[in-house]
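Asker: Pasting a structure below so you can have a look.
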Amino acid sequence: VQLQACGGGLVQPGGSLRLSCAASGTRLSMYGMGWYRQVPGKQRELVAFIFRGVILNYPESVKGRFTISRDNPMKTVYLQMNSLKPEDSAVYYCKAVLGSSEFWGQGTLVTVSS
């Protein structure tokens, strides 16, 4: 499974971005899919996770502002990010999980700044 994340960029506070994570080599319908983010010097943190159409987790820091979704035929997972704040600035990664196997995308940089 190869994952390609894109959609990051520079946005002003209060703005929106939509990240995409496209898979090659497989459909994602059987995989749990997550978006994570990491800033330098800190651990990578979970932002959103979806498994078979069920959203399992949004941390309080993004709840109500971020939405994870999949497309049909389930080869792309999205992260819609609204009302962005400077503290949302990070490299965002997507991950696919199937059983004990996990696969990471390469990351896309999001910078929220005026």
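The values are calculated or read from the model by the stated rules, or taken from the named source; none is laboratory data. A quick note: this is a predicted structure, and the numbers were derived from the prediction, not measured. Glycine also receives a Cβ, built like all others from the backbone with ideal geometry; neighbour counts cover every protein chain displayed. These area figures cover heavy atoms from the full protein model, side chains too; ligands, DNA and RNA do not enter into them. Shrake-Rupley method; radii C 1.70, N 1.55, O 1.52, S 1.80 Å.
Asker: Give the stretch 30-55 a look and list any residue that's closer than 18 Å to Arg70 by Cα, open to solvent by 40 Å² or more (accessible area, probe 1.4 Å) and in contact (Cβ under 8 Å) with a residue 12 or more places away in the chain, or say none.
Answerer: Within the stretch 30-55, Met30, Leu46, Phe51, Arg52, Gly53, Ile55 meet the criteria.
Asker: Going through the stretch 57-99 one residue at a time, which ones are part of a strand (DSSP E or B), open to solvent by 30 Å² or more (accessible area, probe 1.4 Å) and in contact with a Lys or Arg (Cβ under 9 Å, 6 or more places away or on another chain)?
Answerer: Tyr78, Gln80, Val91, Tyr93
Asker: I'd like the full set of residues that are closer than 17 Å to Leu109 by Cα and either small (Gly, Ala, Ser) or outside any strand (DSSP E or B) (or both), limited to the stretch 45-56.
Answerer: If the condition is that a residue be closer than 17 Å to Leu109 by Cα and either small (Gly, Ala, Ser) or outside any strand (DSSP E or B) (or both), then Ala48 is the only one that fits.
Asker: Any idea which of Gly53, Gly7, Gly41, Gly14 is out of contact with any strand residue (DSSP E or B) (no Cβ under 6 Å at 6 or more places or on another chain) and modelled with pLDDT of 95 or more?
Answerer: Answer to the check: Gly14.
Asker: Among (1) on the phi < 0 side of the Ramachandran plot; (2) within 13 Å of the chain's Cα centre (by Cα); (3) not aliphatic (A, V, I, L, M), which single condition is Lys75 missing?
Answerer: (2)
Asker: Just for the stretch 100-114: of the residues that are among the aliphatic types (A, V, I, L, M) and open to solvent by less than 20 Å² (accessible area, probe 1.4 Å), which one is farthest from Met33 (Cα to Cα)?
Answerer: Among residues in the stretch 100-114 that are among the aliphatic types (A, V, I, L, M) and open to solvent by less than 20 Å² (accessible area, probe 1.4 Å), the one farthest from Met33 (Cα to Cα) is Val112.
Asker: Something else about it: Of all residues in the stretch 56-92 being of a type in the set (Asp, Glu) and at pLDDT 95 or above, which is nearest to Thr26 (Cα to Cα)?
Answerer: Filtering the stretch 56-92 for residues that are of a type in the set (Asp, Glu) and at pLDDT 95 or above, the one nearest to Thr26 (Cα to Cα) comes out as Asp88.
Asker: Counting only residues that are more than 11 Å from the chain's Cα centre (by Cα), assigned to a loop (DSSP other than H, G, I, E, B) and among the small types (Gly, Ala, Ser), which one in the stretch 1-21 is surrounded by the most Cβ atoms within 10 Å (Cβ to Cβ)?
Answerer: The extreme case among them is Gly15.
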